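The values are calculated or read from the model by the stated rules, or taken from the named source; none is laboratory data. Please read all numbers here as calculations on a predicted model, not as lab measurements. Cβ placement follows ideal geometry from the backbone for every residue including glycine, while neighbour counts extend to all protein chains displayed.
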Amino acid sequence: MKRVIILISILAVTLLSSLVISFVAEITVPRSLRDLSKYYIANTIIDTASPESVAAIVWDYRGLDTVYETLVLYLAIVGGLAIFTIKGGFPRGEPMGLTELSRNATKIIVLLIATVSAAIAFHGHLTPGGGFPGGSALAVATMLIIPVYSVNILLEKGITSTKLVAIRGFALTGLGLVALLPVVKGLEIVTNQKFYPGFLNGVVISGSISLYNLLEFLAVASGFTAVALYLSIPEELYKGEVRD
Amino acid sequence: MIEAVLFWIGAFLFILGGVFDLLAAIGMIRFPNFYVRLHAATIGAIYGAVLPLIGISLMALGIPELPGRYAVAGASFITAIILLVVAPVGSHVLAYAAHKSKSVPWSPVVDALEKDEEK
């Protein structure tokens, strides 16, 4: 009886509050734009050759900020990996995994996730998305493989933490080079349109924005996958290491 | 004509999905143990989510004045297909894990799984 009273009161509160919000509260929509928004809307495509003003702000107008942010995330993941490192390399074992049914469904889902993540990353200069969301989505695919197929399958296929950290280092070096290259010609650091071409054979590539997206995609995907690999090491191994 | 037919079929599927959701919710409360409740939850996920999504895609196709109706229809149809693949696997894995870890009481009338595993 008590449960029913609680449930009915929750239902009543929900309905009442939704009615109150829809009838009483005025949801105000701004009718005018600020000058800064007007500038971005009018000039993004001219300044950066990118129709997506969020990507343009993140990687062009505020590009230096994002490059440093990437550096902070790089250091955070390096710190995490340093804590979880164990002597004698990654432990290997027999792959066990889940049932046939879940494996087959995971194959389809992983393929879908990989496709969608690539689309998010490589269209980042045209549509909402970009390198970071795309890379995180690709890392989800490997995180799905670890419980369903076991981490040993990944290791057998050659996706080891050493290789992932190497890919991450390569991608971040590339990112730094893309940011630094304009300095050679006497331009500012993280310059886009004055140095990189906005169009390639008539296709919009938005100069350095698509390069940043591609490299950030690689860096984030490999970094998060490496973290997932290390988190799948059983606790007993670390305890044994402390005892030694 | 064809638009109206699509719209009403879509609306019917949409409302049918709501009915199945209600049934699933009643089942979640009334059913006696974990496995049967899982069955009710999966009904909510398949008939209560996949059917309305297909209904939405048909309804979107049935409204010619809706801007971007093909995008709405395609996105909801693809979401329905993905749910159709994912949701049964989710409940399968949940039931498998609960059975293997013996974390819920197991008192079957007929145990076909045990016979399968004996072979």
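hydroxyl-bearing (Ser, Thr, Tyr), in a helix (DSSP H, G or I) and touching a residue at least 40 places away in the same chain (Cβ under 8 Å): does that describe residue A:206? Steps first, please.
On the way: hydroxyl-bearing (Ser, Thr, Tyr): yes; in a helix (DSSP H, G or I): no; touching a residue at least 40 places away in the same chain (Cβ under 8 Å): yes.
For residue A:206, the condition - hydroxyl-bearing (Ser, Thr, Tyr), in a helix (DSSP H, G or I) and touching a residue at least 40 places away in the same chain (Cβ under 8 Å) - is not met.
Spot the failing condition for residue B:59; the list is (1) surrounded by 14 or more Cβ atoms within 10 Å (Cβ to Cβ); (2) within 17 Å of the chain's Cα centre (by Cα); (3) more than 24 Å from residue A:148 (Cβ to Cβ), and only one is missed.
Residue B:59 satisfies all of (1) surrounded by 14 or more Cβ atoms within 10 Å (Cβ to Cβ); (2) within 17 Å of the chain's Cα centre (by Cα); (3) more than 24 Å from residue A:148 (Cβ to Cβ) except (2).
When the stretch B:69-80 is examined, which residues are found to be β-branched (Val, Ile, Thr) and in contact with a helix residue (DSSP H, G or I) (Cβ under 8 Å, 6 or more places away or on another chain)?
Correct list: B:72, B:79.
Which is of a type outside the set (Ser, Thr, Tyr), farther than 18 Å from residue A:109 by Cβ and not in a helix (DSSP H, G or I), of B:66, B:6, B:22, B:58?
One residue alone meets the criteria, B:66.
Only one of B:113, B:84, B:94 is within 14 Å of chain A (Cβ to nearest Cβ), out of contact with any strand residue (DSSP E or B) (no Cβ under 6 Å at 6 or more places or on another chain) and modelled with pLDDT under 90; which?
The unique qualifying residue is B:113.
Scan the stretch B:37-70 for residues that are more than 12 Å from residue B:91 (Cβ to Cβ) and of a type in the set (A, V, I, L, M, F, W, C) and jot them down. Full working, then the answer.
In the first step, residues of the stretch B:37-70 are kept if they are more than 12 Å from residue B:91 (Cβ to Cβ); the result is B:47-70.
Hits for the stretch B:37-70 are B:49, B:50, B:51, B:53, B:54, B:56, B:58, B:59, B:60, B:61, B:63, B:66.
Does the stretch B:86-109 hold any residues that are surrounded by fewer than 15 Cβ atoms within 10 Å (Cβ to Cβ) and touching a helix residue (DSSP H, G or I) at 6+ places or on another chain (Cβ under 6 Å), and which are they?
B:104 - this is the single residue of the stretch B:86-109 that is surrounded by fewer than 15 Cβ atoms within 10 Å (Cβ to Cβ) and touching a helix residue (DSSP H, G or I) at 6+ places or on another chain (Cβ under 6 Å).
Going through the stretch B:82-119 one residue at a time, which ones are of a type in the set (A, V, I, L, M, F, W, C), in contact (Cβ under 8 Å) with a residue 24 or more places away in the chain and not in a loop (DSSP other than H, G, I, E, B)?
Within the stretch B:82-119, B:83, B:84, B:87, B:94, B:95, B:98 qualify.
Kindly provide the set of residues from the stretch A:108-127 that are more than 14 Å from chain B (Cβ to nearest Cβ), in a loop (DSSP other than H, G, I, E, B) and in contact (Cβ under 8 Å) with a residue 40 or more places away in the chain, ordered by number.
A:124, A:125, A:126
Scan the stretch A:119-153 residue by residue and report those that are of a type in the set (Gly, Ala, Ser) and surrounded by 15 or more Cβ atoms within 10 Å (Cβ to Cβ).
In the first step, residues of the stretch A:119-153 are kept if they are of a type in the set (Gly, Ala, Ser); the result is A:119, A:121, A:124, A:129-131, A:134-137, A:139, A:141, A:150.
Of everything in the stretch A:119-153, those that are of a type in the set (Gly, Ala, Ser) and surrounded by 15 or more Cβ atoms within 10 Å (Cβ to Cβ) turn out to be A:121, A:124, A:129, A:130, A:131, A:134, A:135, A:136, A:137, A:139, A:141, A:150.
How many residues, within the stretch A:93-107, are assigned to a loop (DSSP other than H, G, I, E, B) and within 14 Å of chain B (Cβ to nearest Cβ)? Walk me through it before giving the result.
Step one: filter the stretch A:93-107 for residues assigned to a loop (DSSP other than H, G, I, E, B), giving A:93-99.
Next, only the ones that are within 14 Å of chain B (Cβ to nearest Cβ) stay: A:96-99.
Qualifying residue count, the stretch A:93-107: 4.
Can you name the residue in the stretch B:63-81 that is within 13 Å of chain A (Cβ to nearest Cβ) and among the hydrophobic types (A, V, I, L, M, F, W, C) and, of all such residues, is surrounded by the fewest Cβ atoms within 10 Å (Cβ to Cβ)?
Top of the filtered list is B:71.
Pick from B:18, B:44: which is within 30 Å of residue B:97 (Cβ to Cβ) and under 16 Å from the mean Cα position of the chain (by Cα)?
Result: B:44 is the single residue among B:18, B:44 that is within 30 Å of residue B:97 (Cβ to Cβ) and under 16 Å from the mean Cα position of the chain (by Cα).
Looking at the structure I just gave you, is residue A:138 in contact with a Ser or Thr (Cβ under 6 Å, 6 or more places away or on another chain) and more than 14 Å from chain B (Cβ to nearest Cβ)?
Values: in contact with a Ser or Thr (Cβ under 6 Å, 6 or more places away or on another chain): yes; more than 14 Å from chain B (Cβ to nearest Cβ): yes.
The answer is yes for residue A:138.
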